[in-house]
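Visitor: Encoded as structure tokens, here's the structure I'll be asking about.
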Amino acid sequence: MKLKVTVNQTEYEIDVEVEEEERQGLGPIVIGVNAGANPIPTKASMTAASSNAVLAPLAGSVARILVSEGDEIKADQVLLILEAMKMETEIKAPAAGKVSAVLVAPGDAVQGGQALIEL
């Protein structure tokens, strides 16, 4: 193949030889965060919660607790605030009752499904 190249207003004609390169096939495609380097467990274990427990709907950290043990609460009353990805989520009471135990403290990291407060 011949090419013309101009350098400082001077034209040069160049012969270029192009060799065909053997193309490599695609390697294995790995989908996932760590490409299989560290296996991710497929099951999570949590301690059992009582049927009267208010559970975390998502993973995050406890920003504020608005009730304490022994408080009488109303249905839909905000019990605590979870923070996840700089967004706050109000955790409300599913029914009226009395707080029997607060299972978390401000700043605690919680997982989805973890018991937060027992009624």
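Visitor: I'd like to verify a number: residues in segment 89-100 that are open to solvent by 20 Å² or more (accessible area, probe 1.4 Å) and part of a strand (DSSP E or B), how many?
Guide: 5
Visitor: Considering segment 62-88 alone, what residues qualify as being within 18 Å of Gly112 (Cβ to Cβ), surrounded by 14 or more Cβ atoms within 10 Å (Cβ to Cβ) and of a type outside the set (A, V, I, L, M, F, W, C)?
Guide: Filtering segment 62-88 down to residues within 18 Å of Gly112 (Cβ to Cβ) leaves 62-63, 79-88.
Checking the rest, the ones that are also surrounded by 14 or more Cβ atoms within 10 Å (Cβ to Cβ) come to 62-63, 79-84.
Once the filter is applied, which keeps residues that are within 18 Å of Gly112 (Cβ to Cβ), surrounded by 14 or more Cβ atoms within 10 Å (Cβ to Cβ) and of a type outside the set (A, V, I, L, M, F, W, C), segment 62-88 yields only Glu83.
Visitor: Which pairs have Cβ atoms under 8 Å, sit 6 or more apart or on different chains, and link a residue in segment 11-25 that is aliphatic (A, V, I, L, M) to one that is at pLDDT 75 or above?
Guide: Partner pairs satisfying both residue conditions: Ile14/Lys2; Ile14/Leu3; Ile14/Lys4; Ile14/Val5; Val16/Met1; Val16/Lys2; Val16/Leu3; Val18/Met1.
Visitor: Can you run down the residue pairs with Cβ atoms below 8 Å, 6 or more apart or on separate chains, where the first is in segment 103-119 and within 9 Å of Ser61 (Cα to Cα) and the partner is of a type in the set (Ser, Thr, Tyr)?
Guide: Final answer for the pair search is Gly107/Ser61; Asp108/Ser61; Ala109/Ser61; Val110/Ser61.
The values are calculated or read from the model by the stated rules, or taken from the named source; none is laboratory data. Quick caveat: nothing in here was measured; it's all calculated off a predicted structure. Positions of Cβ are backbone-derived with ideal geometry, glycine not excepted, and every protein chain shown enters the neighbour counts. Each accessible area value is taken on the protein alone, full model and side chains, heavy atoms only, with ligands, DNA and RNA left out. Shrake-Rupley method; radii C 1.70, N 1.55, O 1.52, S 1.80 Å.
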